[in-house]
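**Student:** The structure follows.
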Amino acid sequence: MTGTVVKSFGKYYAIEYEGRRINCTLRGRLRKDERLEKYSEPVAVGDIVEFELDGEGSGAIELVRERRNTFTRRYKDSDLNDLIAANLDLMVVIQCFSKPRLNLRFVDRLLVRGEKEGIPVLLCVNKLDLAEDDDTGRLNDYYRGSGLDILMTSAVTGEGIDTLKKLLAEKLSILIGNSGVGKTSLLNGMYPDLDLRTTEVSESTGKGRHTTTNVEMFRLESDARIIDTPGLREFGLTDIEPHELGVYFMEFGRLSRKCDFSPCTHEHEPGCEIKRLVEKGKISEERYVSYLNILSTLKDYYDNRYR
Ligand code: GDP
Ligand code: ZN
């Protein structure tokens, strides 16, 4: 039988199968599957799995179907990827105007993650009602030429809420946002009858930052399936080598075809198109600095590792 993993909790996984939820364990041999070895856990929410029922209405997962993509985090001190979710249609990064402050460095790292995995990203910036005169302009400026989808919303005035709801319809999305940005308010705005459930969303998954988090998928109106990740504050990009970073840095990837060197890290190389475009003002200088910042983290990581 084939089902979708909708929840992971400790050693157990809940599988959705024909509208029912079946609690499953893992067959031992799954742990020996080479494709799954590099992950802390062999199975994640979003996985399509083959399973077998036992007599009591629970089951065992036999096989994990090929994944379209994975969302992982990785700590500096470990070579294992902490697998959070699989087969995502969309990554929604939620930030806000006013407080907590916009953290575009954090967003840029997530954008690299999304490009690397081939997961489309939507940047949702909430609390539009609190934006100051030049806030929205500065944000658009920062991402000029990147092609990033940015949606500005306000859970207070309702602006952008319908659009967000439409963008989430019929998709499996992972929501990423620090507490305080208004994630709960946005969910309540989009799905008013799920008042209680939204609290559940944060409570049931908000455990443990450094242990594997309990993750759950919620099925909402218009077949929006949502995975919330309240504990997600940091994650590394250490599976990306420094010279590859430009490839996954949205607009840099496309524009670097005109760099004299290939690969070009857009740092010290002469004849670098990215540096030219920064000078000409076609790429925001701040965004370029954010790139250099990630590049230097990756270089440090690889230097220490192979020394
Ligand atoms: P969460 O921690 O991300 O789930 O954020 P909450 O939904 O709990 O909201 C955090 C705070 O921001 C609360 O005081 C909300 O009333 C407030 N808030 C949420 N969305 C907005 C918004 O669009 N505009 C304004 N002004 N306040 C908001
Ligand atoms: Zn270059």
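**Student:** Working only within the stretch 121-144, note down all residues that are more than 14 Å from ligand 1 (Cβ to nearest atom) and open to solvent by less than 70 Å² (accessible area, probe 1.4 Å). Outline the logic, then answer.
**Tutor:** Initially, the stretch 121-144 is screened for residues more than 14 Å from ligand 1 (Cβ to nearest atom), giving 121-123, 133-134, 137-144.
Once the filter is applied, which keeps residues that are more than 14 Å from ligand 1 (Cβ to nearest atom) and open to solvent by less than 70 Å² (accessible area, probe 1.4 Å), the stretch 121-144 yields VAL121, LEU122, LEU123, GLY137, LEU139, TYR142, TYR143.
**Student:** A further question follows. Step by step: first the residues of the stretch 54-76, then only those that are more than 26 Å from ASP223 (Cα to Cα) and within 21 Å of the chain's Cα centre (by Cα), then the one that is modelled with the highest pLDDT. Which residue is that?
**Tutor:** ARG73
**Student:** Step by step: first the residues of the stretch 150-189, then only those that are open to solvent by 60 Å² or more (accessible area, probe 1.4 Å) and of a type in the set (A, V, I, L, M), then the one that is nearest to VAL121 (Cα to Cα). Which residue is that?
**Tutor:** Within the stretch 150-189, the match that is nearest to VAL121 (Cα to Cα) is LEU167.
**Student:** Filter the stretch 251-295 for residues that are assigned to a loop (DSSP other than H, G, I, E, B) and either aromatic (Phe, Trp, Tyr) or within 16 Å of ligand 1 (Cβ to nearest atom) (or both) and give the result.
**Tutor:** At the first step, the residues of the stretch 251-295 found to be assigned to a loop (DSSP other than H, G, I, E, B) are 259-272, 281-284.
Hit for the stretch 251-295 is PHE261, nothing else.
**Student:** Here is a list: GLU251, GLU279, GLU267, GLU221. Which entry is among the acidic types (Asp, Glu) and under 18 Å from LEU111 (Cβ atoms)?
**Tutor:** Details: GLU279 fails: under 18 Å from LEU111 (Cβ atoms); GLU267 fails: under 18 Å from LEU111 (Cβ atoms); GLU221 fails: under 18 Å from LEU111 (Cβ atoms).
Result: GLU251 is the single residue among GLU251, GLU279, GLU267, GLU221 that is among the acidic types (Asp, Glu) and under 18 Å from LEU111 (Cβ atoms).
The values are calculated or read from the model by the stated rules, or taken from the named source; none is laboratory data. As the structure is a computational prediction, the values presented were derived from the model and not from experiment. FYI the Cβ positions are ideal-geometry reconstructions off the backbone, even for glycines, and counts take in every protein chain you see. Keep in mind that these areas ignore ligands, DNA and RNA; they rest on the heavy atoms of the full protein, side chains included. Shrake-Rupley method; radii C 1.70, N 1.55, O 1.52, S 1.80 Å.
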